Amino acid sequence: MGVTLKDEKIIDRWSIIVEEGQGKAEQIYQDTESYIKGSKAPGIEIEKVKVRPSWLKGLFGVERNYVMVANEGLGDYRMFIGVRDYGNNLDVSWYLTCEPGFFKKKLSEVLTRGASDKALSFNLDLFQQQDLNAYATVVHHCLIKAVEKIMAGLGQDTSKIDRKSRGFLGIS
């Protein structure tokens, strides 16, 4: 499946470079998926996808592999985990996105006079906010656990991992 992921959809993110981690991407993906499944977090779905920055670039083959993690109760919110070799290092990241459906997007634009296409998506009740935070935090912790495993195997100090995300939730 191909997904177009534009910058304006990203509401939170986290990343790390694992020095000398080249060739370990598949292990990170496998361990993260295993940890997520082992968490038994409700309603979480995991799928491998091809991500492109725009529809047009996708036509020219500009895309990368990601794992998309979704929560069935929070359809507008998806997390994308990307792991790739970067020289002899490993670039590991996740992006939490908010992408309302067509009708919700249009209604949000009308209600905010074009100021936001996500107004209705951000209007979460207490339980939805709690679920979003729990879902994103579980995925975040599972990815960090997979990164720690790789770093430990490379003899690296895992205490130097910056665990705080940057954005809407500020997960740590």
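The values are calculated or read from the model by the stated rules, or taken from the named source; none is laboratory data. Not measured: the values here are computed from a predicted model. Neighbour counts run over all protein chains shown; Cβ positions are idealised from the backbone, glycine included.
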Selected residue (only one of 115, 146 is at pLDDT below 90 and either in a helix (DSSP H, G or I) or loosely packed, with under 13 Cβ neighbours inside 10 Å (or both)): 115
Qualifying residues in region 54-75 (those that are touching a Phe, Trp or Tyr at 6+ places or on another chain (Cβ under 9 Å) and of a type outside the set (A, V, I, L, M, F, W, C)) - the one modelled with the lowest pLDDT: 73
Output for region 151-169, where each listed residue is assigned to a loop (DSSP other than H, G, I, E, B) and either more than 18 Å from residue 25 (Cβ to Cβ) or of a type outside the set (Val, Ile, Thr) (or both): 154, 155, 156, 157, 162, 163, 164, 165, 168, 169
